[in-house]
Every structure is written in C-alpha cells, then in structure tokens.
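Read the structure below first, then the notes.
Just so it is clear, none of the values below were taken in a lab; they were calculated from the coordinates. Since we're looking at a predicted model, the values are computed, not measured. So basically every Cβ, Gly included, is an ideal-geometry build from the backbone, and we count neighbours across all protein chains shown.
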C-alpha cells in the first residue's frame, strides 16, 4: 500500500470521527437510544445475469424505550453491467415493542459499484412503497426515497478495509397517522470490513441514526454487525 493512500485513509478516518463527535455535541438534547442491529444476507446466482438475494435483520433496543424490530427482505438482482445492477424486492418489517405493528414493503433500486485506486465506491438509489398498519389511510402506500453512499478503503492490514457509509431517507408523501413528507432520517456508519474468504465478509462498527419525528427528534447509537455471504 502506498504512503499517499495510507495518509488518505487516516485522513478519512479522522474526518469521520470528528463528524461523529460534532453530531454528538449538536444533538446532545435529543431523545437517545442504544441499539444493536445485526444484518445477515446471502446472494446466489439464478441464471445468466440474474441473482437472488435474502436478508434477515433483527434489531434490539439496549437502553431507552424498547423498539424491537425484524426485517426480512428478499429480492432478485439483474446485473445490467459489471458495475450497475437493478433490484426488485419485498420486505416484511414488523415492530414488536412497545406493541406489535405490521409493515409490508415493495422496493426497487439501482446500485452502482466501482473500484478506484484502492477504494471501492457504491452508490444506491432505492424507492420503497410502504403499507403501514394502524394508519388512518392503511390502504394508501407511503413512498420513500433512500440515497446511499458507501466507500471501502484499503488499510495496511491485508483483507481489512475501512468502511464509511451514509444514507439519507426522504418521505415523498404524507399518510394520516403515519409518515410526513420531507426528510425522514439519516444513517452514518464507520467501521471495519474483514474479508474472511472469497465468499464471506464480516463488517462491524458504529452507526449514528438521526430520526426526524413530529415531537422530539431521536438519535440512535447503534452497534452494527453485518455478515455477507456471496455464493458463486
């Protein structure tokens, strides 16, 4: 690894940490929770340029008001080019605490991935149609746009990368008793990605989740783990 690339990696890591500390100071008066999000996913080829994807993501609240949640998210992926792919999927995302609330989603996304001088960049745009139970317009879907950016940066340690991601969520319509149009939330993550083998990667770190709520906004401090299994 070149010295210039190593200096770039150190600069990005320090910059991300400074941003996190700044956000703590700026949002110190928010309702806060400590949570654990654990994501497991597998991708496997179907035929030609088609792949199948399956994800399970249990979330637990460790301190603050309980908000235990589960995400089950299957999808199919079509590789348009080696760098660009289109996705179509379904998600079941119920909340169990403080009471059960069901939610079903259909989602579509475009994802672009490109390596560049020891970095790997990912850009993703996802559109969700959400059917949320117990709203006054339960038959009307809530539309949400998610814009995601990710960078994997090589480190002096073989098979270990620095992972930086940011994702912004925007509600595109208002549902009475449900979502409000406009900014919904932001997720900023910094951690490490360990490539165990050609098919298996493990990622872990800290995720800062700022949520825009009608009353008092909330900040979740998340212990995040991510296990990726790519069958070839």
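Things worth noting here:
- Estimated purely from DSSP H runs of n ≥ 4, each contributing -39500 (n - 2.57), the mean residue ellipticity at 222 nm for the chain is -3500 deg cm²/dmol once divided by its residues.
- Taking every alpha-carbon pair in region 43-143 and binning the separations at 10 Å intervals from zero gives 14, 34, 31, 18, 4, 0 percent.
- Over all distinct Cα-Cα pairs of region 133-232, the Kirkwood formula returns a hydrodynamic radius of 15.8 Å.
- Normalised Debye scattering of the chain at q = 0.09, 0.11, 0.12, 0.18 Å⁻¹ gives log10 I(q)/I(0) of -0.41, -0.62, -0.75, -1.65, counting only Cα atoms as equal scatterers and leaving out solvent.
- A Cα-only calculation for region 167-219 places Rg and Dmax at 16.1, 48 Å.
- By average C-beta atoms within 10 angstrom, highest first, the peptides 149-155, 50-56: 149-155, 50-56
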